[in-house]
Amino acid sequence: MMIETKIHEKQSLVRLRASDGFLVSSVLVTQDYKQIEAVLEIPTVVQIHGLLGHFLARGTPRLLPHALLEQGFNSLSINSRLAYAGQITGKGIFDDSINDIDAAVDFLINEGFKNIFILGYSLGASMVVYWASKRNNPLIKGLILEGVHYSTNEAHRMRLQKWSGTPTYEEIYEKAKMILGDDPYNSKNDETFIIYKSRGPTPEPINNDPFTYKTWWFMMGPHADAAKAFKHIEKINIPILFMRGENDYNVQQWEIDELVKLAVTAGNNEIRSIQIPDARHDCMENPEVMLNEVASFINDYS
């Protein structure tokens, strides 16, 4: 039996062109309004997905926009160049995701939205940290980081080691150097490959990771500095809410604790760190608690 989902009428598909030409698909969900000026003052959350993108994933990416609507907030959910096929077509260069977030923020500002928060989920949280370390806009009131790694490449390397991934981290790195040469970003050479047992003990498809050598280099390689949150968190001086599921199998609590410590030591006193009970990597597994924390943070800083 088909289950029908009611779609809020104030929902629009928006296509945004990033500064380097990449086309960003996004969904804008707003509160009902009679005058546009009223909705522009309402807090609006830009949502940055994890590896799968908003239109494929369950949990936070798919469910959060309409949950935020019920809390009284607007949202703009974007599918960046890293969504789903990006890492296997060579388009998903982590460093370039900054242009996609720029496009989303610029769109909202140009439309007149004045009260903007940015939420990054999983890999998207690392994108948001990198973006925020490079940008300073007074209309951005705060960041919400859900399941952010201390360093994506180190977490990836440890997973391969834990599950005896094939090829090994070191073997991938050596092959990538050989294929990409001295200038990996501008290299015309690239190949798609699969890492078996990257996320689990058996070579089933769900445990494997496809990449190109170039997307791996800039997301998971030892020189993927843009994807190392610990290198950038201390440059951010706006409020941050860290969220981690109590039973997160992917991100460890020490990673959040260390990022918090770095931010506070650098002088950011507007830091919150919340553990969501009965949730794993996706905090929307406990939506009531997660939404209460998000709403409290937004209301305090909007």
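The values are calculated or read from the model by the stated rules, or taken from the named source; none is laboratory data. Predicted, not measured: the structure shown is a model, and the values here were computed from it. Every residue, glycine among them, receives a Cβ derived from its backbone with ideal geometry; neighbour counts consider all protein chains shown.
Residue count for the stretch 241-253 under the criterion of being surrounded by fewer than 16 Cβ atoms within 10 Å (Cβ to Cβ) and of a type in the set (Asp, Glu): the result is 1.
The condition of being under 30 Å from residue 163 (Cα atoms), more than 18 Å from the chain's Cα centre (by Cα) and of a type in the set (Ser, Thr, Tyr) holds for residue 192. Given the conditions (1) touching a helix residue (DSSP H, G or I) at 6+ places or on another chain (Cβ under 8 Å); (2) closer than 30 Å to residue 104 by Cβ, which single one is not true for residue 163? All conditions are met except number (2).
Consider the stretch 73-90 and keep the residues that are of a type outside the set (Val, Ile, Thr) and closer than 12 Å to residue 211 by Cβ. The one that is nearest to the chain's Cα centre (by Cα) is 82.
So that you can scan it fast, the table gives a plain yes or no per residue for (1) in a strand (DSSP E or B); (2) in contact with a Ser or Thr (Cβ under 6 Å, 6 or more places away or on another chain); (3) modelled with pLDDT of 95 or more:
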residue: 251; (1), (2), (3): no, no, yes
residue: 255; (1), (2), (3): no, no, yes
residue: 262; (1), (2), (3): no, no, yes
residue: 267; (1), (2), (3): no, no, yes
residue: 278; (1), (2), (3): no, no, yes
residue: 281; (1), (2), (3): no, no, no
residue: 284; (1), (2), (3): no, yes, no
residue: 293; (1), (2), (3): no, no, yes
residue: 296; (1), (2), (3): no, no, yes
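Looking only at residues in the stretch 180-213 that are in contact with a helix residue (DSSP H, G or I) (Cβ under 6 Å, 6 or more places away or on another chain) and basic (Lys, Arg), which one is nearest to residue 92 (Cα to Cα)? Among those that are in contact with a helix residue (DSSP H, G or I) (Cβ under 6 Å, 6 or more places away or on another chain) and basic (Lys, Arg), it is 199. Residue by residue through the stretch 154-167, note down the ones that are assigned to a helix (DSSP H, G or I) and either under 15 Å from the mean Cα position of the chain (by Cα) or buried (at least 22 other Cβ atoms within 10 Å of the Cβ) (or both). Residues satisfying the conditions are 156, 160. Taken residue by residue, the stretch 133-150 has at least one member that is surrounded by 18 or more Cβ atoms within 10 Å (Cβ to Cβ), charged (D, E, K, R) and either out of contact with any Lys or Arg (no Cβ under 8 Å at 6 or more places or on another chain) or assigned by TED's automatic domain parsing to the domain that holds residue 80 (or both).
Under 6 Å between Cβ atoms, at least 6 apart or on separate chains: pull out the pairs that start in the stretch 102-126 with a residue that is surrounded by fewer than 24 Cβ atoms within 10 Å (Cβ to Cβ) and end on any residue that is part of a helix (DSSP H, G or I) and modelled with pLDDT of 95 or more. That search, which allows pairs on different chains as well, returns 116/108. Residue 214 fulfils the conditions (1) at pLDDT 95 or above; (2) in a helix (DSSP H, G or I); (3) assigned by TED's automatic domain parsing to the domain that holds residue 46 except for a single criterion, (3). Of the residues 238, 256, 271, 233, which is in contact (Cβ under 8 Å) with a residue 40 or more places away in the chain, outside the structural domain of residue 184 (by TED's automatic domain parsing) and surrounded by fewer than 19 Cβ atoms within 10 Å (Cβ to Cβ)? Just one listed residue meets the conditions, 238. Looking across the stretch 61-112, the residues that are in a helix (DSSP H, G or I), within 30 Å of residue 221 (Cα to Cα) and of a type in the set (S, T, N, Q) come down to 87, 89, 97, 99.
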